Structure formats: structure tokens, C-alpha cells
Amino acid sequence: MATHASAEKRNRQRIIRTERNGALKSYVRKALKQAREAVAGGAANAAELVKGVHALLDSAASKNVLPSKRASRLKSRLSLSLGKAAAK
């Protein structure tokens with residue numbers, strides 16, 4: 001339990017930051033799932049969804065919600081699957 005005022009403030013900040021990061025992670029996961037399903041299903045708007053997910057991943061990486069290398073890896077794999085689906 002925090003006993004100093006500065007420790008109590010840091011704890012309040014941690015709680016707010018954790019909630020915000022969790023909400024953004026959840027949003028990114030849902031968008032990734034939708035994009036993957038669109039690519040697998042051959043939807044007409046798959047490229048548009050992938051572009052939106054790329055922007056979300058960049059945003060999450062810039063805010064240190066996701067590690068930048070993980071965001072890059074996810075973007076790469078998603079683009080690769082989109083390319084394969086378009087080639088079929």
C-alpha cells in the first residue's frame with residue numbers, strides 16, 4: 001500500500017494508464033480479427049480494413065501499448081495474407 005503522496009499519485013496514474021492501454025489493445029485485437037476474417041473470406045473491402053488496421057497498429061506502437069516489433073510483425077503477416085488472397 002502506498003503511504004507517500006507521490007506513491008499514491010503514481011498508483012492512480014498506473015490505474016488510468018492500464019485501463020486506457022487495455023481498451024486500445026482490445027480495440028486493436030477486434031480490428032485484427034475482422035481484417036483476418038475479411039481476407040480469409042475474400043471480402044471486397046479487405047484491403048480497406050487492412051489499411052485501417054495498419055494505422056491502428058502504428059498508433060498503438062507509438063503510444064507504447066504494443067511493442068513496435070510486434071506491430072510490425074502483425075502488419076507484415078496481414079499484408080502477406082492479403083497478397084496471397086488477392087493472387088488467388
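FYI, it's all coordinate maths here, none of it is from the lab. What you are looking at is a predicted structure, and each value in this text was computed from that prediction instead of being measured. Cβ: placed from backbone, ideal geometry, glycine included. Neighbour counts: every protein chain shown.
Here are a few things to note about the model shown:
- Qualifying residue in the stretch 26-44 (condition: of a type outside the set (S, T, N, Q), touching a Gly at 6+ places or on another chain (Cβ under 9 Å) and within 21 Å of Lys88 (Cβ to Cβ)): yes
- Filter result (among the basic types (Lys, Arg) and more than 16 Å from the chain's Cα centre (by Cα)) within the stretch 44-88: Lys84, Lys88
- Residues being more than 24 Å from Ala86 (Cβ to Cβ) and in contact with a Leu (Cβ under 9 Å, 6 or more places away or on another chain) - total across the stretch 22-41: 3
- Comparison of Val65, Val39 shows that the only residue that is surrounded by 15 or more Cβ atoms within 10 Å (Cβ to Cβ), under 30 Å from Met1 (Cβ atoms) and not polar (S, T, N, Q) is Val65.
- Output for the stretch 1-26, where each listed residue is closer than 24 Å to Lys69 by Cβ and loosely packed, with under 14 Cβ neighbours inside 10 Å: Arg17, Thr18, Arg20, Gly22, Ala23, Lys25, Ser26
- In the stretch 60-71, the residues that are in contact (Cβ under 8 Å) with a residue 12 or more places away in the chain and part of a helix (DSSP H, G or I): Ala60, Ala71
- Considering the stretch 27-36, and only residues there that are under 10 Å from the mean Cα position of the chain (by Cα) and in contact (Cβ under 8 Å) with a residue 24 or more places away in the chain, the residue that is surrounded by the fewest Cβ atoms within 10 Å (Cβ to Cβ) turns out to be Tyr27.
- Check on Thr3, out of contact with any Pro (no Cβ under 7 Å at 6 or more places or on another chain), of a type in the set (Ser, Thr, Tyr) and not in a helix (DSSP H, G or I): yes
- Those residues of the stretch 13-50 which are polar (S, T, N, Q) and not in a helix (DSSP H, G or I), in sequence order: Asn45
- Residues of the stretch 47-62 classified as surrounded by fewer than 20 Cβ atoms within 10 Å (Cβ to Cβ) and touching a Lys or Arg at 6+ places or on another chain (Cβ under 9 Å), total: 3
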